[in-house]
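Structure first, commentary second.
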Amino acid sequence: MIDPKDLSRKQAELERLLEEKFGASSGDLRARMRKVGRRVPKRVRDAARVFAEAQLQSEHPKLRAFVDAGVVKRAFMTMRSHLKSVDVADRRKGVVLGILGGLSFNLLLAGALLLGF
């Protein structure tokens, strides 16, 4: 059996990390993970789904007994370790470099077509 207060404390920590690292600042854990989308690996999305389901079950008194504390702890640790390892500055640099790379390729292609014409 898992303590709902402990689970809500862990959820608050995960929501804080999602806000810091990805800017997902509104809604509960499910809404924030939906906003983050594919910017996190599948194992983290699966862990978030497990954690959110456990949160829902822990609010119901009879279903609380069916929540596996080990699985929830593993899901929490998976999410927390990944979110703590995300470097926001490196992500921003990657986005900027990706845009600049695409732009330079398009300019080179346009120049080659102009010369070919």
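The values are calculated or read from the model by the stated rules, or taken from the named source; none is laboratory data. Worth saying up front: this structure is predicted, and the values here are computed from it rather than measured. With ideal geometry, Cβ positions are generated from the backbone for all residues, glycine too; neighbour counts draw on all protein chains shown. For accessibility, only protein heavy atoms count, side chains too; no ligands or nucleic acids. Shrake-Rupley method; radii C 1.70, N 1.55, O 1.52, S 1.80 Å.
When only residues in the range 2-26 that are of a type in the set (A, V, I, L, M, F, W, C) and open to solvent by less than 30 Å² (accessible area, probe 1.4 Å) count, which is modelled with the lowest pLDDT?
Going through the range 2-26, the residues of a type in the set (A, V, I, L, M, F, W, C) turn out to be 2, 7, 12, 14, 17-18, 22, 24.
Restricting the remaining residues to those that are open to solvent by less than 30 Å² (accessible area, probe 1.4 Å) gives 2, 7, 14, 17-18, 22, 24.
Values: I2: 81, L7: 91, L14: 95, L17: 95, L18: 95, F22: 93, A24: 91.
Result: I2.
If I ask for residues that are touching a helix residue (DSSP H, G or I) at 6+ places or on another chain (Cβ under 7 Å) and of a type outside the set (A, V, I, L, M, F, W, C), which ones from the range 14-40 would you list? Step through it out loud before you land on a result.
We begin by selecting, within the range 14-40, every residue touching a helix residue (DSSP H, G or I) at 6+ places or on another chain (Cβ under 7 Å); these are 14-15, 17-18, 21-22, 24-25, 29-30, 32-33, 36, 39-40.
Once the filter is applied, which keeps residues that are touching a helix residue (DSSP H, G or I) at 6+ places or on another chain (Cβ under 7 Å) and of a type outside the set (A, V, I, L, M, F, W, C), the range 14-40 yields E15, K21, S25, R30, R32, R39.
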